[in-house]
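*Asks:* The structure under discussion is supplied below as structure tokens; questions concerning it will follow.
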Amino acid sequence: MQWFEDAKLGIFIHQGIYAVNGIDESWSFHNRLIRHSDYMKQLTGFTMAKYKPSEWADVIKNSGAKYAVITTKHHDGVALYHSRLSRLNTVDTTPAGKDIIQPLFQELRQRKIKCGAYYSLIDWTHWDYPGFLKDSSKYILKQEPERWKRFLNFYQGQIQEINQQFKPDLWWFDGDWEHSADEWQAESVRKRILAMNPDAIINGRLSGYGDYETPEQNFPVSRPPFPWWELCMTSNDHWGYQADSNWKTPDELIRIFADVISNGGNLLLDMGPKADGSIPEKQKYLLNELGAWIRRYEEAIFSTKAGLPLGHFYGPSTISKDSMNIYLFVSGGSKTNAILKGLSSEIEDIENLYNHRKIKTKVVGKISWSPVPGIHFFDIPAESYEPYLQVIRIRLKNKLKLYRGQGGLFEK
């Protein structure tokens, strides 16, 4: 898990026929916003005529991401590679007529970016998959077990295809909620993947047989208790391409990202290309701004660990792996004050990583006879050139030591 822990940022690519009409991926027919037959008509409009894997890889590289995850098959059953187990794939049934996955993985790996494969366990188009609606005419699992066995062979066969053809560094499963781990044969799936690629890591949506957890859209209010986690989040309000104007601003995104790494997680930020394979200009702008900011503060992002516990600093922070540096993320563009409480370690110096200017600290409330440290106040001058968060590095003379008590006692 080491590379994953150090990666901090990944790009989630939702690409599929749902981009043709710009509707919800798979859920649009599941929730009866469109007939399944009309949804599948989008196959004829999925051209990928402007698909340039090298451009996609450049955009991802420029964002500062260390890994990318792409949908090899969503809940609609349409594979984005040449599956030998179903003609419902982009090679056999769309005008694109090509494998989307392999050329992208090649370009990503040339740029030293890890490659992840999203795969939906459920398949709402496959005839041998049980009914997903209460009034569905499809079969019920317990009544026709042979059909379920056929589906198990199908979906596990596709996993084997993907593993052999693309050798993903990461597996991002989805849809496990409709059946139990035993029904999915989740333990066996994990073993088969790792038998072929022992270094592969698996997300937490394989019914408890994954390596890390994946909260979705909503940021955890408190630090998650698991050692590895990843927040997957859209750039606007949708995963796949839609005519969506509610894009996050670079400032909002950077603040979310800082919060995620402060709490020891990764951000898996989504992008939804158009059906012709082009990337929306708004998406490019957002990823470019994020990447430029990351490059300014790489030291405070990569090869760091989760920041200060709640209460010591009111904002995101990270700590160097050797515990000799604290990084505080504070607002840029205007004069501000930062407050740090409970620091028992002695400070060597304080520096604004944006312009490398030294910052002074004022300590208040320190009593000579008490082990309780005083409160550090940092007066940070206005920086007109940093519109987003700026980073303050506190270099320590010895390893980080925090006071976690309740303060001194009053004598009555």
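*Asks:* What length, rounded to one decimal in nm, is gained on full extension from Gln164 through to Thr249, with 0.36 nm per residue of separation minus their alpha-carbon distance? Show your work: numbers first, answer last.
*Replies:* Working: separation 85, 0.36 × 85 = 30.60 nm, distance 3.93 nm.
This chain segment gains 26.7 nm when fully extended.
*Asks:* Summing Lys, Arg as +1 and Asp, Glu as -1, what charge do residues with Cβ under 10 Å from the Cβ of Phe4 carry, Phe4 excluded?
*Replies:* -2
*Asks:* Follow-up question, since we're still on this one. Taking θ as phi - 60°, what are the ³J(HN,Hα) couplings along the range 6-22 by the Karplus curve (6.51, -1.76, 1.60), each to the nearest whole Hz, with x for Gly and Pro?
*Replies:* Karplus-based 3J(HN,Hα) across the range 6-22 equals 7, 5, 6, 10, x, 10, 9, 10, 9, 10, x, 5, 4, 6, 4, 8, x Hz.
*Asks:* I would also like to ask the following. Run the simple label-point estimate for Leu85 and Arg223 please: 7 Å along Cα→C-beta, distance reported in nm.
*Replies:* Rounded to a tenth, the inter-label distance reads 4.1 nm.
*Asks:* Tell me the net charge near Trp172. Cut-off is 10 Å between Cβ atoms, Trp172 excluded, with +1 for each Lys or Arg and -1 for each Asp or Glu.
*Replies:* -1
*Asks:* Compute the helix-to-body angle for 250-262: its Cα long axis versus the longest principal axis of the chain, expressed 0 to 90° and rounded to tens.
*Replies:* With rounding to tens, the tilt is 80 degrees.
*Asks:* Additional query: Relative contact order for the range 326-412 using alpha-carbon pairs under 8 Å, separation at least 6, rounded to a whole percent?
*Replies:* 46
*Asks:* Work out the length of the dipole vector of the chain about its Cα centre, built from +1 on the beta-carbon of each Lys and Arg and -1 on the beta-carbon of each Asp and Glu, and round it to the nearest 20 debye.
*Replies:* Using Cβ point charges on Lys, Arg, Asp and Glu, the chain gives about 980 debye.
*Asks:* Rounded to the nearest 20 debye, what is the charge dipole size of the range 304-396 about its Cα centre when +1 sits on each Lys and Arg Cβ and -1 on each Asp and Glu Cβ?
*Replies:* I would put it at about 140 debye.
*Asks:* To make sure I understand, if each residue's beta carbon is the centre and we count other beta carbons within 10 Å, what order do Ile100, Ile261, Ile256 fall in, fewest to most? List each step's numbers first, then the result.
*Replies:* Working: Ile100 29, Ile261 24, Ile256 16.
Exposure proxy ranking, most exposed first: Ile256, Ile261, Ile100.
*Asks:* Here's another thing I want to ask about it. In whole Hz, what ³J(HN,Hα) sequence does the range 23-28 give by Karplus (6.51, -1.76, 1.60; θ = phi - 60°), x for Gly and Pro?
*Replies:* These are the phi-based 3J(HN,Hα) values: 10, 4, 5, 6, 5, 4 Hz.
*Asks:* For helix 53-62, report the angle its Cα long axis makes with the longest principal axis of the Cα atoms of the chain; keep it between 0 and 90° and round to the nearest 10°.
*Replies:* Rounded to the nearest ten degrees, it is 20.
*Asks:* Tell me, how many Å apart are the Cα centres for the range 258-309 and for the range 326-355?
*Replies:* Distance between centres, Cα-based: 22 Å.
*Asks:* Give the relative contact order (percent, whole number) for the chain; include only Cα pairs under 8 Å separated by 6+ residues.
*Replies:* 16
*Asks:* Given contacts defined as C-alpha pairs under 8 Å and at least six residues apart, what's the relative contact order of the range 49-92, whole-number percent?
*Replies:* 20
*Asks:* Something else: Taking only Cα atoms and a 10 Å spring cutoff, compute GNM fluctuations for the chain and point out the largest among Phe173, Phe105, Phe378.
*Replies:* Largest GNM mean-square fluctuation: Phe378.
*Asks:* Short version: ³J(HN,Hα) in whole Hz for each residue of the range 330-347, in order, from phi by Karplus 6.51 cos²θ - 1.76 cosθ + 1.60 (θ = phi - 60°), x for Gly and Pro, what are they?
*Replies:* In residue order, the calculated couplings are 10, 5, x, x, 8, 5, 8, 10, 10, 10, 10, 10, x, 8, 8, 6, 7, 8 Hz.
*Asks:* Choose one of Gln110, Gly315, Tyr129: the residue whose Cα lies farthest towards the positive end of the charge dipole of the chain (beta-carbon charges +1 Lys, Arg; -1 Asp, Glu; about the Cα centre).
*Replies:* Farthest towards the positive end: Gly315.
*Asks:* Taking only DSSP H segments of four or more residues, each worth -39500 (n - 2.57), what value at 222 nm results for the chain once the sum is divided by all its residues, to the nearest 500 deg cm²/dmol? Walk me through the numbers before you get to the answer.
*Replies:* Details: 12 runs with 109 residues, N = 412.
After summing the helix terms and dividing by residue count, I get -7500 deg cm²/dmol.
*Asks:* Right, here's the next one. Note down the nm distance, to one decimal, between modelled labels 7 Å out along Cα→Cβ at Lys52 and at Arg109.
*Replies:* The modelled label-to-label distance comes out at 2.4 nm.
*Asks:* Please give me the summed charge of the neighbours of Phe154: other residues whose Cβ is under 9 Å from its Cβ, Lys and Arg +1, Asp and Glu -1.
*Replies:* So the environment of Phe154 carries a net charge of -1.
*Asks:* Working from Cα positions, state the angle (0 to 90°, nearest 10) between the long axis of helix 101-110 and the longest principal axis of the chain.
*Replies:* For 101-110 against the chain, the angle is about 30 degrees.
*Asks:* Shape of the range 1-63 from its Cα gyration tensor (a ≥ b ≥ c, root eigenvalues): rounded if a/c is under 1.5, otherwise prolate when a/b > b/c, or oblate?
*Replies:* oblate
*Asks:* Using only the Cα atoms of the range 304-396, what are the Rg and Dmax in Å?
*Replies:* Computed over the Cα atoms of the range 304-396, radius of gyration and Dmax are 13.1, 44 Å.
The numbers here are math on the coordinates, done by the rules we state, and not lab data. In this text, all values refer to a predicted model and were calculated from it rather than measured experimentally. Cβ coordinates were reconstructed from backbone atoms using ideal geometry, including for glycine residues, and neighbour counts include every protein chain displayed.
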